[in-house]
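Here the structure is laid out as structure tokens; the discussion comes afterwards.
What follows is calculated from the coordinates using simple rules that are stated; it is not laboratory data. All figures in this text were calculated on a predicted structure; none of them were measured in a lab. Backbone-built Cβ (ideal geometry, glycine too); neighbour counts: all protein chains shown.
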Amino acid sequence: MSILLGADAVEVAYADISVVRGVSLEVRAGESVAVIGPNGAGKTTLFKAIAGMLGLRGGSISYGGARIDGRRHYEIVQQGIVYVPAERELFPHMSVLENLELGAYPCYGARAERLKFVLDLFPRLLERRRQLAGTLSGGEQQMLAIGRGLMSRPKVLLLDEPSTGLAPFFVSEIYRQFAQLKREGLTILLAEQQVPHALGFTDRAYVLENGRVRLSGASRELLGNEEIQRTYLGMG
Amino acid sequence: MLAILIDGIVQGLQLSLMAVGITLIFGLGGVLNLAHGQFAVIGGIATALLMGEGLHPLLASALGVLGAGALGLAMDRTVLVPAYRYQGEERLLLGLLITLGLSFVVNGFLDVRYPTVALTLPLPTPSFTVGGITIRTASAVVALIALAAFALLFAFLKATLLGKVVRSIMQNEVGAGLCGINPGRIRTLIVTLSAMMAGLAGVVQGLFSSLGTELGNEFTSFALIVAVIGGVRSINGTLVAGVLLGIINAFASYYVGAYLTLLILLVTAAGTILVRPQGLFAFRT
């Protein structure tokens, strides 16, 4: 399969301090790829750079063969890359339905069909549809953030720490939905600290440390890697 | 008593009309517009000038409101561009300086070019009586215009996609960007719309009494106070706060005089910030 999304020697700095220092990665169409690593490794910064929310200091990002670094974040959404941040960034005083409707902004004509798709995926959002987003539980808010991201029919979904602050039940639940999205052909790039979940679900993974790629390979092989087991899985 | 109350409510509605633009521009653009009263004056003075050219008052008023909108559009697309390059506090401070500068320019221009122009829109019947209460026709007309404008604004915000987009940016600009919304374009629309509502408030002043070129700063002060008391991100709050302040203003002017009134209003606003920084009426749109 062809490479859909690629980062080439990407460098990102906050106030002159490099946070991402020359990261290259590739995601093929339909593939699920995990980016794992400790807090502060640069995962979120890398995702924000891909989503166009942060400028690059060096390197380039390409999507479908064309460079997208330097484009505005809302243009990148319109092109099919949707970022779901750990902070969720919902509209707290709007209903679940209104949040979802706004997610369909780039393809507003298709919103009814998209709404059905998202509510089928997350029946809990259907139950809560009239409730204000700010009153939802953490797990429901995460579902809403993912659902809102799916409304615009993205080709690539960037999921940043989707399990943060969620009860184990919800973590299993959202990973079940990710698996379904993957089966339907969605390309997923996932940053995660829940390493077993992330490696269990994805095809390949990159291990980020101090803003650099330390290891990469098939997720299944990384699960068996001694160093990974020692550092991230608490074994050894 | 009742006459004062009605007067207060109507003036309050006019204040709300003026202040809602401050709320919208702050909520959406992160800029406190210190030239907002000048939009009202420009709308009214343009109407007066057009009527001087022989235009029908209604047509002249419509064009005056559009003129205020045009000034808002120009402000957003030119002088405010440097402020929009920044976020948060920097944007707010730059925006304060820029809009303050613009208010000086507009004041100076009007003083030099049209020192004696004023807008008065006399109505055919000065007052009418309902159930034993005499009501000024102007008050009734102003109240109707203001309520109609707010009804349209709420319908726009609740029922249209663009309105929902506006609310989404006010609630979470980052979230709006994640949905593929370009906040800049929406901001331009809202600044223009806000300027038009201020222009309408200016024209309406001509119905009450007379609108002169010197009223800009006073309008801005009152509108700022209303926006703060209502909660600078709450549109419903602005409407309620405007009416409340109109009533306080009417009674206080009657009993203690205009200067003390302004002080009372300022203290109310300061107290609101201390007690309820989100605004007295913090139910949001």
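Mind giving me the nanometre distance, one decimal, between the label points for A:Thr164 and A:Gln229, set 7 Å out from Cα along Cα→Cβ?
Computed distance between label sites A:Thr164 and A:Gln229 equals 3.1 nm.
Specify which residue in the list B:Met51, A:Gly165, A:Ala41 is farthest towards the positive end of the charge dipole of the protein assembly as shown, using unit charges on the beta carbon of Lys, Arg (+1) and Asp, Glu (-1), about the Cα centre.
So the residue furthest toward the plus end is A:Gly165.
Could you sort B:70-77, B:127-134 so that the peptide with the highest average Cβ count within 10 Å comes first and the rest follow in order?
B:70-77, B:127-134
If you take each beta carbon of peptide A:93-105 and count the beta carbons of other chains within 10 angstrom, what is the mean?
The shielding value for this peptide is 5.
Taking the alpha-carbon set of chain A, what are its Rg and Dmax in Å?
17.2, 54
With r as the distance between the Cβ atoms of B:Leu58 and B:Ala270 and R0 = 56 Å, compute the FRET efficiency 1/(1 + (r/R0)^6) and round to 0.05.
E(calc), rounded to 0.05, equals 0.85.
Using unit Cβ charges (K, R positive; D, E negative) and no other charged atoms, how large, in debye to the nearest 20, is the dipole of the protein assembly as shown about its Cα centre?
It comes to approximately 720 debye.
In deg cm²/dmol and to the nearest 500, what is the mean residue ellipticity at 222 nm of chain B if only DSSP H runs of at least 4 residues count, each as -39500 (n - 2.57), divided by the residue total?
-25500 deg cm²/dmol
Projecting each Cα onto the charge dipole of the protein assembly as shown (Lys/Arg +1, Asp/Glu -1 at the beta carbon, about the Cα centre), which of A:Pro123, B:Leu147, A:Val12 comes out farthest on the positive side?
Most positive-ward Cα: A:Pro123.
With r defined as the distance between the Cβ atoms of B:Thr125 and B:Ala3 and R0 fixed at 22 Å, what FRET efficiency is calculated, to the nearest 0.05?
Computed FRET efficiency for B:Thr125 and B:Ala3 comes out at 0.80.
Taking every residue in B:180-188, how many Cβ atoms of other protein chains lie within 10 Å of its Cβ, on average?
4
State, to one decimal in nm, how far the label point of A:Arg212 lies from the label point of A:Ile3, with both points 7 Å from Cα in the Cβ direction.
About 2.0 nm, to one decimal.
Once the mean 1/r over all distinct Cα pairs of the range B:22-69 is inverted, what Kirkwood radius in angstroms do you read off?
Here the Kirkwood hydrodynamic radius works out to 11.4 Å.
Name the residues whose placed amide hydrogens come within less than 5 Å of the amide hydrogen of A:Ala86, ignoring near sequence neighbours (fewer than 5 apart) on the same chain.
Hits under the 5 Å cutoff: A:Asp160.
So for chain B, Kirkwood radius off the Cα pairs, Stokes-Einstein at 4 °C and 1.567 mPa s: how many µm² s⁻¹?
Value of D from the Cα-based Kirkwood radius: 68 µm²/s.
For the Cα atoms of chain A, what angle does the longest principal axis make with the long axis of helix A:138-150, in degrees from 0 to 90, nearest 10?
It is inclined by approximately 90 degrees.
Highest mean first, what order results for A:83-93, A:41-51, B:116-126, A:210-220 on Cβ atoms within 10 Å?
The packing order, highest mean first, is A:41-51, A:83-93, A:210-220, B:116-126.
What average number of partner chain Cβ atoms lie no more than 10 Å from the Cβ of the residues making up A:80-90?
3
Set the Förster distance to 35 Å, then compute FRET efficiency between A:Ala66 and B:Leu92 from the Cβ-Cβ distance, nearest 0.05.
The value I calculate is 0.40.
At what distance in nm do the modelled label points of B:Val81 and A:Glu87 sit from each other, each positioned 7 Å from its Cα along Cα→Cβ?
So the two model labels end up 2.9 nm from each other.
Assigning unit charges at the beta carbon (Lys, Arg +1; Asp, Glu -1) and nothing else, what dipole magnitude in debye, to the nearest 20, does the range B:17-213 show about its Cα centre?
360 debye
Largest first and in whole Å, what are the equivalent-ellipsoid semi-axes of the protein assembly as shown based on the Cα gyration tensor, each being the root of 5 times an eigenvalue?
Equivalent ellipsoid of the protein assembly as shown: 54, 23, 20 Å, largest first.
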